[in-house]
Amino acid sequence: MTAVDAPATGAGWRGPDGSGLRADTGHSLTDGVRRWPVVDGIPWLRPGRDELRQAAVAALDAGDRRGATVLLLADADDWWDGPAPPPRRLRAALEARTLTEAVDLLGLGRVGTYFRHRWSDPSWLAVLALTAAHPPAGRAVVDLACGAGHLLRHLALHGHTDLTGVDVVFAKLWLARRFVLPPAAPVALVCADLTAGWPLPPAAAPRHVACHDALYFLADKAAFVAAAIATAGPRGAVLLGHLHNARHPAGRAGLPLLAAEWTALLPGATAYAEEELTAATADGRLPAPATGAALAATEALGLARDGAAAPPDPALLLPAGCAPLRRNPLYVDGDRAWPDDRWAAEYGRRAATYLPPRWPDPPRPDAVRRRLLLDLPERW
């Protein structure tokens, strides 16, 4: 299966029970018993929602693609505690011209703020450092809990061509397809619940499997990591980022673990303190691994295990050369302004280490690596 042909043909996708899927129409997949909707090239494969699945397929069968999209946009993950937006706002989101407008109409709240300012936050810089130190190196990439596709976009712009993103929330994948990913990027997206069944077959070739900013939410972390290892294959790579440290005051959200418990999940992995990962990207260098006390004290860990020991790719620390750069929208009338109090509490302290309080004039020579200038999507 390649990223290019998977959304159109269904080749290689698996249902929640592990059964193979095939396309039965241009807008649905089937395992021979159940039918699953495909909207904007995104198969929706969530189990336990038969009423929604059937309603979306029926709308597509009737030629009502917009209606099917609105149904799936209303579906959230089990952690979301915000109100569902009314259907009229979801229908209005279909006409949104920008990512900013769309996340507001979709009622994504704090998640929408996170998506809009992902290119500035310290955990994104940590993702870049971890990926540069342990790059895909020509292997197919699978981004688990990919959200709105920020990492997939970064890798696509850097020339990587076999990319797959999996997330449990259709609205996030829809945002990725509409606003974040380059229009011609060869990226397959699939909506699936990775706690119930993985939509990908076992690795026929090594894969680069990543999961950032999500694993601390899951209860059965060991099963997830074991499945990621199997998906990567023996000469593949597994990267796990922003693993909340239960010992740190800022790392207690979700279901965190102690540093030693995280490292035990991925034996043989190189471990990093997130503060070092963030600083490395801002400094334009590769990160230094951490052990012992440094790991025990970090807010969050990054882990990487690569069966092929691919050499680092420092180019991944920076935007691709083809990407146009724009002033960071956190600067308003020359002053740095966090988007809201919640973002400030979670990211502001560390973001202030690389984003100065005033827009520098003249521009600094390190403006790109310190995120004063960003490679935002055209329709940000």
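Structural remarks
- For residue 270, the shell of other residues with beta-carbons less than 10 Å away shows a net charge of 0, using +1 for Lys and Arg and -1 for Asp and Glu.
- By a 1.4 Å probe calculation restricted to protein chains, residue 220 has an accessible surface near 100 Å², given to the nearest 10.
- Amide H contacts of residue 209 (H built 1.01 Å from N, under 5 Å, at least 5 apart or other chain): 142, 237, 238, 239
- Only Cα pairs under 8 Å and 6+ residues apart enter the sum, and on that basis the relative contact order of the chain stands at 18 percent.
- The accessible-area ordering, largest first, of the residues 110, 35 stands as 110, 35, per a 1.4 angstrom probe.
- Here the translational diffusion coefficient of region 243-341 follows from Stokes-Einstein with Rh set to the Kirkwood radius across Cα pairs; for 37 °C and 0.692 mPa s it amounts to 207 µm²/s.
- Accessible-area order (highest first, 1.4 angstrom probe) of the listed residues 378, 276: 378, 276
- Here, region 57-211 is characterised by an Rg to Rh ratio of 0.97, where Rg is the alpha-carbon radius of gyration and Rh the Kirkwood radius.
- Solvent accessible area, Å² - residue 198, 1.4 Å probe, full protein context: 40
- In degrees, nearest ten, helix 122-133 long axis to first principal axis of the chain (Cα): 90
- Vicinal HN-Hα couplings computed from phi for region 161-177 (Karplus, 6.51 cos²θ - 1.76 cosθ + 1.60; Hz; Gly/Pro x): 10, 10, 10, 9, x, 10, 8, 7, 10, 4, 4, 5, 5, 4, 4, 4, 5
- Tensor-based shape of region 230-281 (alpha-carbon gyration tensor, a/c under 1.5 rounded, otherwise prolate or oblate): oblate
- DSSP bridge pairs, the chain: antiparallel proportion in percent, nearest 5: 55
- P(r) of the chain over all Cα-Cα pairs, binned every 10 Å from zero, in whole percent: 5, 24, 34, 26, 9, 1, 0
- Annotation: amide H-H contacts under 5 Å for residue 163 (H modelled 1.01 Å from N, sequence separation of 5 or more, or interchain): 3, 141, 188.
- Legend: P(r) of region 176-277 from all alpha carbon pair distances, 5 Å bins from 0, whole percents, reading 2, 11, 19, 22, 18, 15, 10, 3, 0.
- Residue 61 paired with residue 95, simple spin-label distance in nm, labels 7 Å along Cα-to-beta-carbon: 3.0
- Couplings 3J(HN,Hα) of region 291-305, computed from phi: 9, x, 4, 5, 6, 5, 9, 6, 5, 7, 9, x, 10, 9, 10 Hz, in residue order, whole Hz [Karplus 6.51 cos²θ - 1.76 cosθ + 1.60, θ = phi - 60°; x for Gly and Pro].
- Rolling a 1.4 Å probe over the protein chains gives residue 114 an accessible area of about 50 Å².
- Which of 66, 178 is most accessible, then next, and so on - probe 1.4 Å: 66, 178
- Rounded to whole Hz, the Karplus (6.51, -1.76, 1.60) HN-Hα couplings of region 359-374, x for glycine and proline: 5, x, 9, x, x, 6, x, 9, 4, 6, 6, 8, 6, 6, 10, 10
- With every protein chain in place, the chain: carbon and sulfur % of accessible area (1.4 Å): 55
- Most fluctuating residue given options 241, 112, 334, as computed from a GNM of the chain linking Cα atoms under 10 Å: 334
- Counting only DSSP H runs of at least 4 residues, each contributing -39500 (n - 2.57), and dividing by the residue count of the chain, the helix-based mean residue ellipticity at 222 nm comes to -8000 deg cm²/dmol.
The values are calculated or read from the model by the stated rules, or taken from the named source; none is laboratory data. Being a predicted model, the structure only gives us computed values, none of them experimental. Positions of Cβ are backbone-derived with ideal geometry, glycine not excepted, and every protein chain shown enters the neighbour counts. Side chains included, ligands, DNA and RNA excluded: accessible areas come from the protein's heavy atoms. Shrake-Rupley method; radii C 1.70, N 1.55, O 1.52, S 1.80 Å.
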